[in-house]
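The values are calculated or read from the model by the stated rules, or taken from the named source; none is laboratory data. Remember, predicted model here, so these are calculated numbers, not experimental data. FYI the Cβ positions are ideal-geometry reconstructions off the backbone, even for glycines, and counts take in every protein chain you see.
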Amino acid sequence: MAGATPSALARSGKSAVASTGLQESRLVRLLLITVALLFIFVVLILPLITVFEQAFRKGVDVYIAAITDPDALAAIRLTLVTALIVVPCNTIFGVAAAWAISKFRFRGKQVLVTLIDLPFAISPVISGLIFVLLFGNQGFFGPFFIERDMPIIFAFPGIVLATIFVTFPFVARELIPVMQAQGNQEEEAAVSLGANGWTIFRRVTLPNIKWGLMYGIILCNARAMGEFGAVSVVSGHIRGKTNTIPLHVEILYNEYQFAAAFAVASLLVLLALVTLAVKGYAERKHEQARLDIEPQGGNQ
């Protein structure tokens with residue numbers, strides 16, 4: 001080292017610092033990965049294991065009896081029917097709202113965007129209470145429907161309305177950035193060639209937004225089937241009539257029927273796992289489609 005030049009010493013020092021920094025970065029990365037995996041195990045995986053362990057603790061016969069109980073079947077049926085109504089309604093609204101916001105200029109556009117985000121800012125319990133105040137016995141519209149034997153609150157229509165309210169932002173919020181990135185050039189070209197509105201949507205717009213649309217529908221469906229707060233307020237908790245799967249799980253748990261409660265809850269867990277798998281696939285396709293669109297927008 002005595003005969004080393006200052007430049008050689010400087011390079012040696014830089015190399016040592018870089019080596020030390022690299023080792024520290026690897027250590028930090030390993031530490032962060034370990035913390036993340038531990039957190040995921042404790043918060044996500046361990047509860048899932050617990051649900052299935054509790055569901056099958058008393059045997060398969062008890063599990064099958066719990067999920068085939070008439071009240072459980074009624075809750076499953078109500079949940080599925082509600083989702084079959086809510087998801088198409090929110091899909092139609094989401095596509096229409098995203099089309100209007102991304103393709104047109106009009107007064108009140110920002111107000112519409114704010115209203116779409118409103119369910120994210122309001123507690124589901126509060127949204128359910130709003131429907132009670134509107135359609136309950138003492139509500140503004142309640143007496144009108146009750147006199148005509150069309151109850152809204154503590155009946156199926158109230159469950160559908162509450163679920164629609166808490167889930168309608170999902171499709172629109174996924175499609176708006178996709179349509180904005182897509183731009184209007186392709187639609188304008190189709191109009192200049194004489195295509196009508198439906199043809200433009202079916203052959204130009206829909207292929208570009210299909211993965212974003214699927215992603216929004218998946219999120220909407222998962223929230224519709226798992227919604228608890230708003231539905232709990234408007235349902236009335238009537239066994240076999242207005243209890244969805246989450247409400248039925250709560251009743252079983254409060255009655256100390258733990259095996260049955262976890263058995264029915266496992267159905268929602270299975271639904272969540274399937275939804276997660278489909279969501280992951282749709283999300284990858286969605287991001288790929290967005291990346292394919294953005295360079296085109298940048299070139300234009």
Taking the condition over 20 Å from Arg173 (Cα atoms) and either in contact (Cβ under 8 Å) with a residue 60 or more places away in the chain or not in a loop (DSSP other than H, G, I, E, B) (or both), does Asp117 pass? no
Considering only residues of region 147-157 that are surrounded by fewer than 21 Cβ atoms within 10 Å (Cβ to Cβ) and not charged (D, E, K, R), which is nearest to Ala100 (Cα to Cα)? Pro157
What residue, of Val28, Val43, is at pLDDT below 85 and under 38 Å from the mean Cα position of the chain (by Cα)? Val28
Residues (of a type in the set (Gly, Ala, Ser), surrounded by 16 or more Cβ atoms within 10 Å (Cβ to Cβ) and more than 16 Å from Ser235 (Cβ to Cβ)) located in region 52-81: Ala55, Ala66
Counting only residues that are out of contact with any helix residue (DSSP H, G or I) (no Cβ under 8 Å at 6 or more places or on another chain) and more than 18 Å from Ala97 (Cβ to Cβ), how many does region 158-197 have? 7
Taking the condition surrounded by 18 or more Cβ atoms within 10 Å (Cβ to Cβ) and at pLDDT 85 or above, does Ala181 pass? no
Restrict the check to region 149-157 and report whether at least one residue is within 16 Å of the chain's Cα centre (by Cα) and assigned to a helix (DSSP H, G or I). no
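A quick yes/no check of all residues on (1) over 18 Å from Gly94 (Cα atoms); (2) in contact with a Phe, Trp or Tyr (Cβ under 7 Å, 6 or more places away or on another chain); (3) of a type outside the set (S, T, N, Q):
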residue: Ala162; (1), (2), (3): no, yes, yes
residue: Thr167; (1), (2), (3): no, no, no
residue: Ala190; (1), (2), (3): yes, no, yes
residue: Val204; (1), (2), (3): no, no, yes
residue: Asn208; (1), (2), (3): no, no, no
residue: Trp211; (1), (2), (3): no, no, yes
residue: Ala224; (1), (2), (3): no, no, yes
Condition first: among the acidic types (Asp, Glu), more than 16 Å from Gln288 (Cα to Cα) and surrounded by 15 or more Cβ atoms within 10 Å (Cβ to Cβ). Can you find one or more residues in region 187-195 that meet it? yes
Residues in region 181-227 that are assigned to a helix (DSSP H, G or I), closer than 30 Å to Val160 by Cβ and of a type outside the set (A, V, I, L, M, F, W, C) total 10
Any chance region 136-150 includes a residue that's touching a helix residue (DSSP H, G or I) at 6+ places or on another chain (Cβ under 9 Å) and touching a residue at least 60 places away in the same chain (Cβ under 8 Å)? no
